[in-house]
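Following: one structure in structure tokens, then a few remarks.
The values are calculated or read from the model by the stated rules, or taken from the named source; none is laboratory data. Here the structure is a predicted model, which is why all the values come from computation and not from measurement. Cβ coordinates were reconstructed from backbone atoms using ideal geometry, including for glycine residues, and neighbour counts include every protein chain displayed. Accessible surface is based on the protein model in full, side chains and every heavy atom, while ligands, DNA and RNA are left aside. Shrake-Rupley method; radii C 1.70, N 1.55, O 1.52, S 1.80 Å.
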Amino acid sequence: MTDITKLIAQKAYETYEKKLLEEVKKGAIPKHIAIIMDGNRRFAREMMLEKMEGHIKGREKLEEVLNWCIELGIKILTVYAFSTENFKRDEEEVRYLLKLFAESFRKAADDERIHKHRVRIRAIGRLELLPEEVREAIKYAEEKTKDYDNIFLNVAIAYGGRAEIVDAVKKIAKKVKEGEIGIEDIDEETISRHLYTYDLPDPDLILRTSGEERISNFLLWQSAYSELYFADVYWPSLRKVDFLRAIKSYQMRKRRFGK
């Protein structure tokens, strides 16, 4: 591709992105978007990079997507960063990822943009499974942003949807045993109140990258009525137009079904 051809293609892309952004802004913006950030390792392999480089590119993409959410007025972003099953990966990769998480939480907590836009950071999952270094970094980020309520960034780490439901059931069973509630009082709302996301609305839209069409044990209870969108790009390769297309699809479905 010649330089002039590249320039024309870039201009065409920028024009399309601007037009799509204007269209999306005229429609109903989802309040809560959840993302399964899939494809870091495959991205690295295709780009002939080290596996760990793929995870760094993935972190950079999350920072970019947060900017898009801020621009569009999306209030809640929940991302699937590390599942309970991911602990079974190669030991060196797991150790690197956990170190990267610790760095990322501390970096976010000190990011001027986070404070400017009053972004509250929270981790959800079985955090007790994480090394102390990661738990301390999470605590640091949560403490520094605890009073913010403009935008909510939830990071699912050491997370599993089934594990979340099991933990909720245990909490409820304990309250029944101690006489705080009766069995006849347990309903859907009771379970929702005991999930990790107890104080948040369910996601309007769940986006998964990498072309895989499954939710992989993510927000199983909360996703009952969520719209699903599968993007056929690896997470680090997600473009703004891909993100906007997901929201546009959500808007078209809402209009189609009169929601």
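On the beta carbon distance between residue 184 and residue 126, with R0 = 35 Å, the FRET formula returns roughly 0.70. Pick the calculated Rg and Dmax of the Cα atoms in Å for this structure from (i) 19.6, 74; (ii) 18.4, 57; (iii) 18.9, 64? So the structure-derived entry is (i).
For region 1-154, the relative contact order comes to 23 percent (Cα pairs under 8 Å, sequence separation of at least 6). Pairs exceeding 21 Å between alpha-carbon atoms, taken from 6/240; 25/146; 26/248; 26/146; 116/144: 25/146; 26/146. Mean-square fluctuations from a GNM of the chain, with a 10 angstrom spring cutoff on Cα atoms, peak among 70, 183, 151 at 183. Rolling a 1.4 Å probe over the protein heavy atoms gives region 17-147 an accessible area of 54 Å² per residue. Treating r as the C-beta distance of residue 96 and residue 136 and R0 as 22 Å, the FRET efficiency rounds to 0.75.
The distance between label points at residue 192 and residue 25 comes to 3.3 nm (points 7 Å beyond Cα on the Cα→Cβ vector). Computed from backbone phi with θ = phi - 60° and the Karplus coefficients 6.51, -1.76 and 1.60, the 3J(HN,Hα) list for region 202-209 is 5, x, 7, 9, 10, 10, 10, 9 Hz; x is used for glycine and proline.
Contact order, relative form, for the chain: 26 percent (alpha carbon pairs under 8 Å, 6 or more residues apart, mean separation divided by residue count). Each label was represented as a point 7 Å from its Cα along the Cα-to-Cβ direction; for residue 6 and residue 70 these points are 2.9 nm apart.
Here region 43-129 is treated as a sphere whose radius is the Kirkwood value from Cα pairs; by Stokes-Einstein at 10 °C and 1.306 mPa s it diffuses with a coefficient of 109 µm²/s.
Between 129, 238, 152, the Cα set farthest toward the positive side of the dipole of the chain (charges on each charged residue's Cβ, about the Cα centre) is that of 238.
Could you tell me which helices of the chain pass both thresholds, a Cα extent of 18 Å or more along their own axis and a mean Kyte-Doolittle hydropathy of at least -0.5, with helices taken as whole DSSP H runs? The qualifying helices are 91-109, 161-177. If R0 is 41 Å, the Cβ-Cβ spacing of residue 162 and residue 15 corresponds to a FRET efficiency of close to 0.35.
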